[in-house]
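One structure is given here, and the rest of the page talks about it.
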Amino acid sequence: MGATSVLKARPAPPSAPAGRTVSKRRTGRAPTGPGRRRQRAGMLMVAPALLHASLWIGLPVVASVVLAFTKYDVLTAPQFVGLDNFRDMLGDAVFRKSIVNTVVYTLFTVPFGMMLGLLVALALHTGLKARGIFRTAVFIPQVTATVAIALVWLWIYNPGNGLLNTLLSFLGIQGPAWLSSTSWAMPSVILVGIWQGIGMKMLIYLAALQSLPKELYEAASVDGASKVRQFFSITLPLLKPATFFVLITSMISAFQSFDQIYILTDGGPANSTTMMTFEIYKSAFREFRIGYASAQSLVLFVLLMGFTLVNRRIMGGTRGHN
């Protein structure tokens, strides 16, 4: 055999398994060139919003937490009192009543509002004629000033010549004094809260319904699944992220209800409709107990955070089923 040069080929690097991609080694270096310019441009565009949030949200929140441990009446300098404001809350029967009323209001307005919002969204998701007009009509209360809505309902609930008692009189029923009765005031306020919140819930559910894949419903129809079975097996599981979002935003809105209470009942009769936000308003702007009102606000924040975490645990997070 002639003398020949044998070229030894280097062994090829092992190929990545099928379905996997070889990830590049991260160098940890800052972006350079166009990447750095894009980063700077993004920071400049976000800066106004960050500045606004820091000045008008961040600073007031920090100030509220600090003032919660002080005695402050606007006219004199704050005095550190430690946990005295929270001890006063434990002995404040009206504030404890407001917590109970707020929880009751939330337990009724949120689930019933969500059910009605979903039903309306399902009805408007079909090929209903003039559904655009119906969507607008349902959503209008959401964008209408709460004070204007409360004034309309104040006339509806008028015991003398209000619309509700007038309709009941045609049926031979003597309507009660809706907003002056300790038995009917809270249900009346709850009804207003449910009615006003349907529009936003409907809009969110409608957007979620329009994004659901139609192929799943076509496959279910081929398999012989009824509409009811499709709703419980396909629609509800896929609406889980939207349901979680609606639940959290509805709870926050319910806990912060103030305008309709202020106009309809002013917290009465006999504190039967007073809410936590209304008590915070009274402490701060009627009694000028800014430190005590800040402590009440901190309790409200803790309750909202606790309910949010519990709901997240119950619903298993925000991820839907694929």
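The values are calculated or read from the model by the stated rules, or taken from the named source; none is laboratory data. Keep in mind that what you see is a predicted model, and the values were worked out from it rather than measured. Here Cβ is always computed from backbone atoms with ideal geometry, including for glycine, and neighbour counts include all displayed protein chains. Keep in mind that these areas ignore ligands, DNA and RNA; they rest on the heavy atoms of the full protein, side chains included. Shrake-Rupley method; radii C 1.70, N 1.55, O 1.52, S 1.80 Å.
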May I ask you to list pairs of residues, at least six apart or on different chains, whose Cβ atoms are under 8 Å apart, with the first in segment 229-244 being more than 13 Å from Ala207 (Cβ to Cβ) and assigned to a helix (DSSP H, G or I) and the second being among the aromatic types (Phe, Trp, Tyr) and open to solvent by 40 Å² or more (accessible area, probe 1.4 Å)?
-> Gln230/Tyr217; Ile234/Tyr217
Residue set Ala185, Ala177; condition within 26 Å of Leu116 (Cα to Cα) and either out of contact with any strand residue (DSSP E or B) (no Cβ under 8 Å at 6 or more places or on another chain) or open to solvent by less than 30 Å² (accessible area, probe 1.4 Å) (or both); output residue Ala185
May I ask you to list the residues in segment 245-266 that are outside any helix (DSSP H, G or I) and closer than 20 Å to Val152 by Cβ?
-> Ser257, Phe258, Thr265, Asp266
Evaluate the following for Val143: is it open to solvent by less than 30 Å² (accessible area, probe 1.4 Å) and closer than 23 Å to Ala254 by Cβ?
-> no
Out of Arg289, Arg312, report the one residue that is more than 22 Å from Ile198 (Cβ to Cβ), charged (D, E, K, R), under 21 Å from the mean Cα position of the chain (by Cα) and surrounded by 13 or more Cβ atoms within 10 Å (Cβ to Cβ).
-> Arg312
Report whether or not Gly132 is part of a loop (DSSP other than H, G, I, E, B), free of Cβ contacts under 8 Å to residues at least 40 places away in the same chain and farther than 24 Å from Leu304 by Cα.
-> no
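This table checks each residue for (1) out of contact with any Ser or Thr (no Cβ under 8 Å at 6 or more places or on another chain); (2) touching a residue at least 40 places away in the same chain (Cβ under 8 Å).
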residue	(1), (2)
Ala68	no, yes
Leu75	yes, yes
Gly82	yes, no
Arg87	yes, no
Lys97	no, yes
Val103	yes, no
Leu107	yes, no
Does Ser188 fit the bill of being assigned to a helix (DSSP H, G or I), of a type outside the set (A, V, I, L, M, F, W, C) and under 30 Å from the mean Cα position of the chain (by Cα)?
-> yes
Test: residue in segment 239-254 that is of a type in the set (Val, Ile, Thr) and within 30 Å of Lys71 (Cβ to Cβ) | yes
Which residues, taken from segment 66-94, are in a strand (DSSP E or B) and surrounded by fewer than 14 Cβ atoms within 10 Å (Cβ to Cβ)?
-> Gln79, Phe80
Conditions: (1) surrounded by 15 or more Cβ atoms within 10 Å (Cβ to Cβ); (2) in contact with a Ser or Thr (Cβ under 9 Å, 6 or more places away or on another chain); (3) among the β-branched types (Val, Ile, Thr). Ile252 meets all but one. Number of the miss?
-> (1)
Kindly indicate which of Ala121, Ala63, Ala148 is at pLDDT 90 or above, over 19 Å from Ile194 (Cα atoms) and open to solvent by less than 60 Å² (accessible area, probe 1.4 Å).
-> Ala63
When restricted to Lys201, Lys240, Lys214, the only residue modelled with pLDDT under 90 and either basic (Lys, Arg) or under 21 Å from the mean Cα position of the chain (by Cα) (or both) is Lys214
Which condition number does Tyr205 fail, the rest of (1) part of a loop (DSSP other than H, G, I, E, B); (2) in contact with a His (Cβ under 9 Å, 6 or more places away or on another chain) being met?
-> (1)
Go through (1) at negative phi; (2) among the small types (Gly, Ala, Ser); (3) part of a loop (DSSP other than H, G, I, E, B) and name the single condition Ala270 misses.
-> (1)
